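Q: Submitted below is the structure of interest, expressed as structure tokens.
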Amino acid sequence: MACRALNVSRSGYYDWRDRPIPERDRDNELPLKHIEQIHADSRQTYGSPRVHAELTLGLGLPVNRKRVERLIREAGIQGLYRRKQAWTTIRDPAAEPAPDLVNRHFAVTEPDRLWITDITEHPTAEGKLYCAAVMDAYSRLIIGWSLAGHMRTELVTDALGMAIIRRKPDDNATILHSDHGSQYTSWAFGQRLRAAGLLASVGTVGDCYDNAMMESFRGTLQLEILDQKQWDTRDQLANAIFEWIECWYNPKRRHSAIGMHSPVTFDALHTRSDQDH
């Protein structure tokens, strides 16, 4: 009945069915299965650069970048692409900020030499949720974070406290760089920095390049979590952000700026290198 409906001879159908699979299709079958699985495991966020990195670095498959791009295109697979973000923190004009110890030189050669921090906000049906995060500039690892329904100073001191407990930085060896937000120029935050032996640094007012790493992080957070659905409650979104940072971004998500490693892996590579020496 199908042959009659499609005006195809039965012999022609059986000839097509029994025809050997072209060699090119056979060669592409296994990489395509891996590509589809990698894209699914990445929460449908990876495009061709990170899929290629996962194939070569993660699975050890010697596959060409252009071939990966072609297979992704033919399979209709797409990654997520970032949109611009807005500033969240508000400057206190009466505060006397710390000097700029970084001068937009964010390249460091080892962990715990430069930490950067920022606040981002996310709407829910019951009100905004604020996230303060502290990143190690060396590995892009989020070493401290906190979530709250307010932007009071304890939001940023809680995130800093987590980073200090996790990393235990040496006295006067780590710079903590922030913007001019009133939370970061407050007396309480300054006291927490001094007690931990951290060196305070504040960037240029209104310069998006001055905190580009944190801008990139919160843009990724916006794209991969906030924009995926409408969030009903702060607790619902807070749980999703916790899971995203600790189960995906830090241990698994590959970053082009650190050789397509994840932050946890890149941080561990430095530790192993020190042990080898």
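The values are calculated or read from the model by the stated rules, or taken from the named source; none is laboratory data. Here the structure is a predicted model, which is why all the values come from computation and not from measurement. Note that each Cβ is placed from the backbone with ideal geometry, even for glycine, and that neighbours are counted across all protein chains shown.
Q: Being closer than 18 Å to M135 by Cα and touching a strand residue (DSSP E or B) at 6+ places or on another chain (Cβ under 8 Å) is the filter here, so list the residues in the stretch 176-189 that pass it.
A: Listed by number, the residues that qualify are L176, H177, S178, D179, H180, G181, Q183, Y184.
Q: How do the helices (runs of 4 or more DSSP H) wholly within the stretch 1-75 filter down when requiring 2 or more residues that are within 26 Å of the chain's Cα centre (by Cα) and on the phi < 0 side of the Ramachandran plot: which remain?
A: Helices (runs of 4 or more DSSP H) meeting the threshold: 23-41, 48-53, 65-75.
Q: Only residues that are assigned to a loop (DSSP other than H, G, I, E, B) and modelled with pLDDT of 85 or more: list them for the stretch 174-214, please.
A: T174, S182, Q183, Y184, T185, S186, G197, L198
Q: To continue, here is another question. Which residues, taken from the stretch 256-276, are of a type in the set (G, A, S) and at pLDDT 95 or above?
A: The answer is S262, and nothing else.
Q: Here's another thing I want to ask about it. Looking for something modelled with pLDDT of 75 or more and not assigned by the TED database to the domain that holds M162 - is there at least one such residue anywhere in the stretch 123-141?
A: Checking the stretch 123-141: not a single residue is modelled with pLDDT of 75 or more and not assigned by the TED database to the domain that holds M162.
Q: Hey, another quick one. Please count how many residues of the stretch 30-73 are within 23 Å of L223 (Cα to Cα) and buried (at least 19 other Cβ atoms within 10 Å of the Cβ).
A: Going through the stretch 30-73 one residue at a time, the tally reaches 12.
Q: Would you be able to tell me the number of residues in the stretch 219-255 that are of a type in the set (S, T, N, Q), at pLDDT below 95 and within 15 Å of S42 (Cα to Cα)?
A: 2
Q: Which one is nearest to L155 (Cα to Cα) among residues in the stretch 229-268 that are among the basic types (K, R) and surrounded by 13 or more Cβ atoms within 10 Å (Cβ to Cβ)?
A: R234
Q: Next question, about the same structure. Got a number for residues in the stretch 1-42 being modelled with pLDDT of 85 or more, under 22 Å from E74 (Cα atoms) and of a type in the set (D, E, K, R)?
A: Of the residues in the stretch 1-42, 3 are modelled with pLDDT of 85 or more, under 22 Å from E74 (Cα atoms) and of a type in the set (D, E, K, R).
Q: Taking the stretch 157-188 as the search range and keeping residues that are surrounded by fewer than 22 Cβ atoms within 10 Å (Cβ to Cβ) and among the charged types (D, E, K, R), which one is farthest from D100 (Cα to Cα)?
A: That would be R166.
Q: Which of the strands (runs of 3 or more DSSP E) contained wholly in the stretch 102-160 include at least 1 residues that are under 22 Å from A188 (Cα atoms) and of a type in the set (G, A, S)?
A: 127-136, 141-148
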